Ligand SMILES: [Fe+2]
């Protein structure tokens, strides 16, 4: 009997489900960073706002990368609904703490997907997810470095100014 | 060529190798589904909360929309349960066939 399932629905249902869940998480991240950007922007932390606007764009790209993968595999990609994001923060430092928390949660989720791929012996998706694993190493690094800046500089007015000068300079360098 | 995949008391699903599609035979009718449409159909059938439908205040029939052919099925609880069995059986059989074909594929390169 012809294997129509394999021809037209390349991934296992369980893998489709976890990828759709990740699409939702990336969409939520994008929205959450947008809220952080707005908080920073209004309070005059322009560079921090730029930082989060860029992060928001990145998360949207992650979402689309997963979305296209599901479509390419002829599987159902679900356009996600996004819940409320946190809009109120006590301080600039708190915003960056939330960002790091967020990235750690995303890393955990990505690692769980890789675990699922191994469980179902889905070598192709595991390979596809490798990019996300690397990306999370970088995102976490940047979020952590930002927080460390507060430890070094403190949080008074001058320190926050110096933080603003440096936030866009943080780059992950593998070398 | 058509091959029956799964059959319940009053419905069956066959695979049409020529068009890569599936045929639902039910109530003297034939409805064709591409694989993605069959997934959509399964999702709506599995989406019903059976316990809720058992409550006396629930309506006697449920309406299922088939967007790929813009048709509606009006189903009783008994029919919903039968379609559940039919679709579970169908997808289990397809998965089993996939597993068998994977083993057979190894013989494609027989050197
Ligand atoms: Fe992301």
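Derivation of every value follows stated rules applied to the coordinates shown; laboratory data play no part. All figures in this text were calculated on a predicted structure; none of them were measured in a lab. Cβ: placed from backbone, ideal geometry, glycine included. Neighbour counts: every protein chain shown.
For the stretch A:43-61 and the stretch A:78-100, what is the centre-to-centre distance using only Cα atoms, to the nearest Å?
The distance from the Cα centre of the stretch A:43-61 to that of the stretch A:78-100 comes to 12 Å.
Mind giving me the nanometre distance, one decimal, between the label points for residue A:111 and residue B:25, set 7 Å out from Cα along Cα→Cβ?
5.3 nm
Taking only Cα atoms, what is the 0 to 90° angle, nearest 10, from helix B:77-105's long axis to the longest principal axis of chain B?
Taking Cα atoms only, the helix is inclined about 10 degrees.
Given the C-alpha centroids of the stretch A:121-175 and the stretch A:6-38, what is the distance between them in whole angstrom?
21 Å
Which whole-number percent gives the relative contact order of the stretch B:2-109, counting Cα pairs below 8 Å spaced six or more residues apart?
Here the relative contact order equals 21 percent.
Compute the Cα gyration tensor for the stretch A:9-74, then decide on rounded, prolate or oblate, letting a ≥ b ≥ c be the square roots of its eigenvalues: rounded whenever a/c is under 1.5, prolate when a/b is larger than b/c in the other cases, and oblate in all that remain.
Here the stretch A:9-74 falls in the prolate category.
How far apart, in nm, are the 7 Å Cα→Cβ label points at residue B:7 and residue A:159?
7.8 nm
Tell me the angle of helix A:92-119 to the major Cα principal axis of chain A, expressed in degrees between 0 and 90 and rounded to the nearest ten.
20 degrees
In whole Å, what are the extents of chain B along the principal axes defined by its C-alpha atoms, from largest to smallest?
Dimensions of chain B along the principal axes of its Cα atoms: 66, 26, 24 Å.
Relative to the first principal axis of the alpha-carbon coordinates of chain A, what is the inclination of helix A:157-167, with its axis defined by its Cα atoms, in degrees from 0 to 90 and to the nearest 10?
Taking the Cα atoms of chain A, the angle to A:157-167 is about 40 degrees.
Just want to confirm a number: the relative contact order over chain A, from Cα pairs under 8 angstrom separated by 6+ residues, in percent.
Reported as a whole number, the value is 25 percent.
Assign one of three labels to the protein assembly as shown, namely rounded, prolate or oblate, based on the Cα gyration tensor with a ≥ b ≥ c the square roots of its eigenvalues; rounded applies when a/c is under 1.5, prolate when it is not and a/b is larger than b/c, and oblate otherwise.
Because a/c hits 1.5 or more and a/b exceeds b/c, the protein assembly as shown counts as prolate.
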